[in-house]
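Asker: Below is a structure I'd like to ask you about.
Just so you know, all these numbers are worked out from the coordinates, no wet-lab data involved. For clarity, every value in this text was computed on a predicted model and none was experimentally measured. Glycine gets a Cβ as well: all are built from the backbone with ideal geometry, and neighbour counts include every protein chain shown.
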Amino acid sequence: MPTFTHPPGTTAHAAFFPVSQREVSIETADGVMLPATLFTGEGRKPAVLISEAAAVERRFYRAFAIHLVEQGASAVLTYDYRGVGAAAKGPKAGEFRMKHWGVHDLPAALATLEAEVGDGPIVGVGHSFGGVALGLSGVSERFERYCMVASLNGYFRNTAEPLTVYARMAIAGVPTTWLLGHIPAAAGLGTALAGPIFRDWTRWCRNRDFLFEDASVPESQRFADVRLPLLSIGIGDDRWGTPKAVAELLKHFSNAEIDEVWLRPEDAGDEIGHMGFFRREMRGPLWPVATDFLLDGRRPS
């Protein structure tokens, strides 16, 4: 793949549409400010909201966002959930909960994108927790369709490495959050997260039904309200998103029209894993299945 260099604020790839970008701020209904990046172009295809995985920052999706605008998306918005990265140690971090990512943050990001594009159609893509966030949000009807990449029920016994997951989260991670107030990036589970968020995540991963039996998350009932077309992209060598873990999440989207695709390392010519789909070098072998669905509504054969 070529290496791209561009002046600040613009991107000019050897593709269809040039891309501009700018930083924006999102205010949630409960008064939290979220950083975001808006990518725009001259295309007339749907705008796209990208909702990130747990412990991942929006910059990770920059290449995919640029690709979508090059392919004709009118705009793409990436954003960081509360309590992620630098915000893991912010003054309000002790009040943040993981469910807020879906209940407050995704709806606020969607409203920001709607304000930017007016009446144009909007589609969404959620990586890992970004699929869970859709179910919690209560705003699914405002999307034309939604693509979930490696989205799963995080119960540790559904993963391909249950003892490792349990040890890193419950034995090592949780005590660290009580000591430091957050889980640092050095813990190896991604970028830094606010302590209450990480403890929610760990508690859900210890429960066979994940967040669906947590009395403090009544919003989990909203999954049944999702009625739009969904594309679930599973990854064959994903140690977290095994077929069992993915199936246990998808069953809660009981009224959605779901297409399911599984991509294998052989399709990419390399390992993919839980994070690899969004690497720039996957533009050719993997991105078309999501791009065709998001921008043109083409369902996989």
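Asker: Which residues does the label zone of Arg299 cover in the range 142-161, counting backbone N under 20 Å from a point 7 Å along Cα→Cβ?
Answerer: Residues 142-151 fall inside that zone.
Asker: How large is Rg over Rh for the range 195-242, taking Rg from the Cα atoms and Rh as the Kirkwood inverse mean of 1/r across Cα pairs?
Answerer: Details: Rg = 13.5 Å, Rh = 13.0 Å.
Computed over Cα atoms, the ratio is 1.03.
Asker: Could you list Tyr155, Tyr61, Tyr81 so that the one with the fewest beta carbons within 10 Å of its beta carbon is first and the one with the most is last? Please report the intermediate quantities before stating the final value.
Answerer: Numbers: Tyr155 20, Tyr61 25, Tyr81 32.
Fewest-to-most ranking of Tyr155, Tyr61, Tyr81: Tyr155, Tyr61, Tyr81.
Asker: Please state, as a whole number in µm²/s, the translational diffusion coefficient that the Stokes-Einstein equation yields for the range 187-283 at 37 °C and 0.692 mPa s, with Rh defined as the Kirkwood radius across alpha carbon pairs.
Answerer: Numbers: Rh = 15.5 Å.
In µm²/s, the coefficient rounds to 212.
Asker: Do the sum for the chain: with -39,500 (n - 2.57) for every DSSP H run of n ≥ 4, divided by all residues, what is the mean residue ellipticity at 222 nm, to the nearest 500 deg cm²/dmol? If you can, show how the numbers build up before the last one.
Answerer: Details: 9 runs with 75 residues, N = 301.
When only DSSP H runs of four or more count, the value is -7000 deg cm²/dmol.
Asker: What is the sum of charges around Tyr166, taking Lys and Arg as +1, Asp and Glu as -1, for the other residues whose C-beta is under 10 Å from the C-beta of Tyr166?
Answerer: Working: positive: Arg157, Arg168, Arg206; negative: Glu161.
After counting each charged neighbour, the total is +2.
Asker: Taking neighbour counts of Cβ atoms within 10 Å as a proxy for exposure, in what order, fewest first, do Cys147, Cys205 appear? Walk me through the numbers on the way to the answer.
Answerer: On the way: Cys147 26, Cys205 22.
Result, fewest neighbours first: Cys205, Cys147.
Asker: Moving on to the next point. Relative contact order for the range 125-194 using alpha-carbon pairs under 8 Å, separation at least 6, rounded to a whole percent? Display every interim value, and only then the final one.
Answerer: Details: 58 pairs, mean separation 15.0, N = 70.
Here the relative contact order equals 21 percent.
Asker: Tell me, what is the percent relative contact order of the chain, built from C-alpha pairs under 8 Å that lie six or more residues apart? Could the numbers behind the result be given before it?
Answerer: Details: 649 pairs, mean separation 53.4, N = 301.
That works out to 18 percent.
Asker: Here's something else I'd like to know. Provide the gained length on full extension for the span Ser20 to Ala172, in nm with one decimal, where the gain is 0.36 nm per separating residue minus the Cα-Cα distance.
Answerer: Details: separation 152, 0.36 × 152 = 54.72 nm, distance 4.21 nm.
Net length gain for the segment: 50.5 nm.
Asker: Right, here's the next one. Sum up the charges of everything whose Cβ sits under 14 Å from the Cβ of Val246, counting Lys and Arg as +1 and Asp and Glu as -1, but leave Val246 out. Present the calculation step by step, with values, prior to reporting the outcome.
Answerer: Working: positive: Arg239, Lys244, Lys251; negative: Asp237, Asp238, Glu248, Asp259, Glu260.
With Lys, Arg at +1 and Asp, Glu at -1, the net is -2.
Asker: Something else: Just in the range 203-283: which GluC sites (Glu not before Pro) are loop by DSSP and have at most 12 other Cβ atoms within 10 Å?
Answerer: On the way: sites: Glu213, Glu219, Glu248, Glu257, Glu260, Glu266, Glu271, Glu281; in loops: Glu271.
Answer in residue order: Glu271.
Asker: How much net charge surrounds Arg58 when only the other residues with a Cβ under 15 Å from the Cβ of Arg58 are counted, with Lys and Arg +1 and Asp and Glu -1? Kindly include the intermediate steps, with their values, before the conclusion.
Answerer: Numbers: positive: Arg22, Arg59, Arg62, Arg82; negative: Glu23, Glu52, Glu57, Asp80, Asp105.
Summing Lys and Arg as +1 and Asp and Glu as -1 gives -1.
Asker: In degrees, nearest 10, range 0 to 90: what is the angle between the Cα axis of helix 287-296 and the longest Cα principal axis of the chain?
Answerer: Value to nearest ten degrees: 70.
Asker: Let me understand the chain better: what is its radius of gyration from the alpha carbons, and its Dmax, in angstrom?
Answerer: In order Rg, Dmax, the Cα atoms of the chain give 18.1, 51 Å.
Asker: Report the Cα centroid-to-centroid distance between the range 121-150 and the range 254-298 in angstrom, as an integer.
Answerer: The two parts, judged by their Cα centres, are 15 Å apart.
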